[in-house]
Amino acid sequence: MSTRTLHRSAVSLVLLALVAGVESNRRVAAAGSVGPRALQIGKDQVSELPRGKEADGIIGDFVLRNSKIEALVSGNLPSRKANMGTNWDSPTPGCLYDLSVRSSGNDQLTCWAPGNLHGMISSVIIVSDGTNGVAHVRAERTAAIGNGLHERHDYKLDEGAPFLRVHSTWTNAGKEKVKVRTSPAVKGLRDVKSVRGISFGDAQNPNDRQGYAWTVLAGEAGEKEVPPGESIEIEYAIAPGRSPADAFARLAPMRGATGTLRGLIVEEGGAPISTATAEIDFEVEIEVENKETKKKEKKRVTRSLHAYTREDGGFEVALPPGEYPLTVRDLGRPDIETTVTVGEGEVAEITVELEPASRVHFVVTEGSESGRTIPCKVQFLGVGSTSDPRFGVPIQARGCDHQYHSEIGDFTMRVPAGKYRVVITRGMEYSHHEDIVDLRQGATAEVRAVLDRVVDTTGWISTDYHNHSTPSGDNYCGTDDRVINLAAEHIEFAPTTEHNRLYDWAPHIKRLGLEADIATVVGIELTGPNAHFNSFPLKMTPYRQDNGAPTWVHDPRINAIVLREFGDSGPDRWVHINHPQVGKFFRDRDADGVADGGYPGLEDLVDAAEVWSTEILNLAPTYEYVNSNGEKSVRENRTFAWLQLLNQGRRMWCIAVSDAHSVFGNGVGAWRTYVPSSTDEPGKVDYREIIRHSKAGRMVVTNGPFLEVTLDDGTMPGGLARASGEVRVKVRVQTTTWIDIDRVQVLVNGRAPAKLNFTRAANADLFKRGVVSFEKTITVPLSEDAHLIVAAVGENHDLETGYGRSWQSAMHPVAFTNPIYVDIDGNGFRPNGDTLGFALPLGK
């Protein structure tokens with residue numbers, strides 16, 4: 001490692017000149033050279049919209065662009081939001097939605113709202129298109145609209161400036177003092193900190209290599225009082241960068257003297273490392289409240305500024321003069337810690353050599369003659385003194401916590417040296433593979449695995465009707481990451497169901513080469529403070545708010561009707577109710593504990609409800625839930641409530657979903673629904689056929705076992721049979737190599753007759769070791785019309801092999817069918833009204 005210092009001059013003067021607007025830039029622009037530009041997006045300008053994972057531009061928005069950066073300001077459009085989570089209770093027109101380095105296509109910002117701007121405004125206009133040397137867009141709320149407070153926010157971009165200026169003015173035209181927040185509301189960034197008057201934050205996924213920084217140029221941030229007839233102003237600069245340090249460096253010279261740290265991170269032998277992070281530590285003094293005295297006290301804390309290396313292994317950051325602890329990290333290599341000194345107006349250069357990375361190369365193939373590589377999930381579990389690795393944030397597929405999800409099955413991971421148990425799975429139909437890898441520093445280990453498709457699901461497709469990625473607004477899981485997660489866990493049909501936004505995962509599936517592995521269709525989750533609904537197929541209107549999605553209203557029946565009829569509706573439109581509060585929606589609308597009928601007719605407007613749980617054989621209205629911290633709580637058993645409602649004649653099919661918002665932890669894979677299909681090739685799935693089967697209740701829900709149930713006359717779940725005295729129920733359960741069951745129970749009208757309960761302990765001859773865990777034709781005596789549900793459970797087993805350190809590991813394997821209805825007197829099915837020993841559910 002070597003260090004040498006050089007001189008550098010006038011950095012701060014150049015940037016300060018940019019703040020003021022350099023007159024020479026104006027002259028150059030006027031002479032016809034390329035300068036800054038401001039434009040409003042029309043239908044013929046959508047190609048001008050900034051791109052990136054969090055890009056949210058639509059027709060009617062405003063783009064500012066110069067040679068260094070590009071930005072998007074939301075137009076004054078109805079219900080304008082970047083996404084559902086931008087501001088929960090009001091729109092945000094006139095705010096900064098997108099900001100990135102020019103041509104990087106890497107926006108990672110959700111919203112930067114000056115003065116926490118939200119709600120109705122009067123206008124967004126172009127003040128200057130840039131021909132005078134400054135691109136200028138203004139958002140304004142007049143005093144009439146603002147209840148006496150006039151508000152103006154000017155977005156200005158100078159040519160050559162690596163930052164956007166935002167100048168805000170509030171004028172009190174009323175008769176009373178008003179309070180104004182002058183600091184911005186910033187959404188979408190993680191690890192936000194402030195150092196030397198500059199705030200900075202990282203993208204939600206650091207591997208997206210994008211950071212932001214902002215600082216006050218004039219005025220004072222905070223909550224201020226404005227007397228009648230007076231005004232208050234503040235001006236900010238906000239900069240994007242390829243890392244938080246890169247963004248910080250664009251603003252640091254405005255806050256005082258700086259020097260430059262120029263680093264180069266290489267591997268032994270000199271090859272550049274483009275994936276490294278340099279953590280630069282600042283010691284800062286902050287005020288904290290003493291819990292005992294309740295007084296403010298000074299405290300010194302360390303805050304790290306992250307710089308990410310470029311393709312050439314380099315990074316550069318402007319820093320105040322001083323000495324800084326520096327830690328260089330790269331996955332699969334030991335950290336290097338050192339100290340650097342930066343002098344005013346000087347360049348400190350440092351080269352850091354890291355040891356070669358240790359790696360594991362995987363080739364995971366399907367156990368068939370094709371030998372093709374397949375999507376899969378890999379878990380690394382530390383053995384002995386080796387800790388579990390942490391490959392990345394939970395929202396990315398290729399390295400989330402201790403897991404890695406791959407769409408191709410042939411990949412190489414950088415892994416810290418150590419001893420690991422490696423577990424490879426692909427959902428619940430394939431066998432698993434385990435290996436012990438003892439990885440030396442700098443070495444590359446090879447793991448070859450063959451996963452056999454041992455569970456025969458011919459004629460059925462695995463589905464998941466409820467998942468999310470970053471367009472939903474309440475999570476930042478990349479859409480590609482979600483698709484990879486789906487494929488790695490072997491979900492074969494997954495409609496696109498982002499919150500309050502019509503979206504299509506098909507282009508992502510195609511780009512990842514997964515068209516043969518997973519099918520999708522455009523859909524939505526319509527969301528608000530009351531019932532949520534998923535619906536598909538629907539049609540997008542691109543570059544409109546939420547791609548033309550309908551608007552949620554409070555009464556769930558209206559939402560269901562709107563979704564049923566929205567756009568080009570037809571018989572194959574699916575609508576289901578999500579994670580329902582059964583007592584509230586169907587019995588007690590105001591949740592006051594007094595039955596008021598809930599929302600009468602709701603079950604007739606939906607095709608199914610997410611009333612699945614592991615509690616199907618817990619015939620009680622509540623159950624005890626224990627979270628990962630060991631904390632206990634009592635929860636409504638919505639599956640039991642469903643059984644009670646079935647007995648009242650309120651028919652509703654059950655589906656199981658993931659409702660995934662991340663990849664690790666709250667990811668896809670545990671719960672799913674099997675639906676009949678005339679093709680076993682996901683790429684050829686006809687969504688209309690899947691919807692028709694689902695509407696008919698031909699669905700089995702599971703977190704592991706594959707359960708097949710028919711009556712001996714062929715009646716499937718969801719069907720109605722005519723019988724006299726008894727029926728014969730054919731039950732077959734298959735389990736893969738890492739799942740097992742030890743109980744099968746037939747529920748009759750929601751009750752669990754002891755004679756229809758079969759356990760491995762009492763009926764050892766019926767339970768096998770192998771793929772077919774249970775197979776029997778069960779005679780069910782009946783004295784009245786009945787609905788039959790069959791459940792298969794592994795009461796003495798869990799899902800740890802498949803889910804590792806994630807919470808799903810603690811679940812017992814469970815599968816159950818939708819009801820089969822049996823009419824024993826020929827007068828049509830009549831519910832028996834049994835409440836199963838408990839009062840019907842209420843909302844309270």
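So the values come out like this:
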item: The stretch 444-535, relative contact order [Cα under 8 Å, separation at least 6], %; result: 25
item: Other-chain or far-sequence residues with amide H under 5 Å of LEU217's (modelled H); result: GLU235, TYR236, ALA237
item: Per-bin percent of Cα-Cα distances, the stretch 540-617 [10 Å]; result: 16, 40, 30, 12, 2
item: Dipole axis of the stretch 533-612 (+1 Lys, Arg; -1 Asp, Glu on Cβ), positive-most option in PHE533, PHE586, VAL606; result: PHE533
item: Accessible area (Å², 1.4 Å probe, nearest 10) - THR759; result: 30
item: Range of Cα positions in the stretch 393-531 per principal axis (Å), largest first; result: 52, 36, 29
item: Dipole of the chain, positive direction: furthest Cα of TRP460, GLY442, THR86, with charges on the beta-carbon; result: THR86
item: Ranking by accessible area, most exposed first, for MET716, MET811 with a 1.4 Å probe; result: MET716, MET811
item: Cβ-placed point charges (K, R +1; D, E -1), dipole of the chain about Cα centre in debye, nearest 20; result: 1100
item: Rh (Kirkwood; distinct C-alpha pairs) - the stretch 716-844, Å; result: 16.3
item: 5 angstrom amide H check on LEU319, placed H, neighbours 5+ away; result: GLY259, THR260, LEU261
item: Amide H within-cut-off set for ILE69, under 5 Å, with H built and near neighbours excluded; result: ARG102
item: Radius 10 Å from Cβ of VAL793, net charge of other residues (Lys, Arg +1; Asp, Glu -1); result: -1
item: For GLU603, net neighbour charge (Lys/Arg +1, Asp/Glu -1) across residues whose Cβ lies under 12 Å away; result: +2
item: Histogram of C-alpha separations across the stretch 766-841, 5 Å bin width, %; result: 3, 11, 13, 17, 16, 13, 12, 9, 5, 2, 0
item: For the stretch 774-786, 3J(HN,Hα) per residue [Karplus equation, 6.51 cos²θ - 1.76 cosθ + 1.60, θ = phi - 60°, Hz, x = Gly/Pro]; result: 7, 8, 6, 9, 9, 8, 10, x, 9, 10, 8, 3, 8
item: Accessible area, probe 1.4 Å, largest first, for residues ASP89, ASP474; result: ASP89, ASP474
item: Entries in LYS193/LYS298; LYS193/LYS419; LYS81/LYS193; LYS584/LYS632; LYS377/LYS730; LYS193/LYS291 that, when Cα-Cα distance is taken, lie over 29 Å; result: LYS193/LYS419; LYS377/LYS730
item: In order through the stretch 126-136: 3J(HN,Hα) via Karplus (6.51 cos²θ - 1.76 cosθ + 1.60), integer Hz, x for Gly, Pro; result: 8, 7, 9, 7, x, 5, 8, x, 9, 7, 9
item: The stretch 123-205, relative contact order in percent, only Cα pairs under 8 angstrom and at least six apart counted; result: 17
item: Scaled radius of gyration (Cα, divided by 2.2 N^0.38 Å) that the stretch 232-326 gives; result: 1.38
item: Accessible heavy-atom area order of ILE436, ILE58, highest first, probe of 1.4 Å; result: ILE436, ILE58
item: Cβ-based net charge around GLU492, under 11 Å, with every Lys or Arg adding one and every Asp or Glu removing one; result: -4
item: Rg/Rh for the chain, where both radii come from Cα atoms and Rh is the Kirkwood radius; result: 1.01
item: Furthest towards positive pole of dipole, VAL186, ILE491, SER385, structure part the chain, Cβ charges; result: VAL186
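The values are calculated or read from the model by the stated rules, or taken from the named source; none is laboratory data. Remember, it's a predicted structure, so these values are computed and weren't measured experimentally. With ideal geometry, Cβ positions are generated from the backbone for all residues, glycine too; neighbour counts draw on all protein chains shown. Keep in mind that these areas ignore ligands, DNA and RNA; they rest on the heavy atoms of the full protein, side chains included. Shrake-Rupley method; radii C 1.70, N 1.55, O 1.52, S 1.80 Å.
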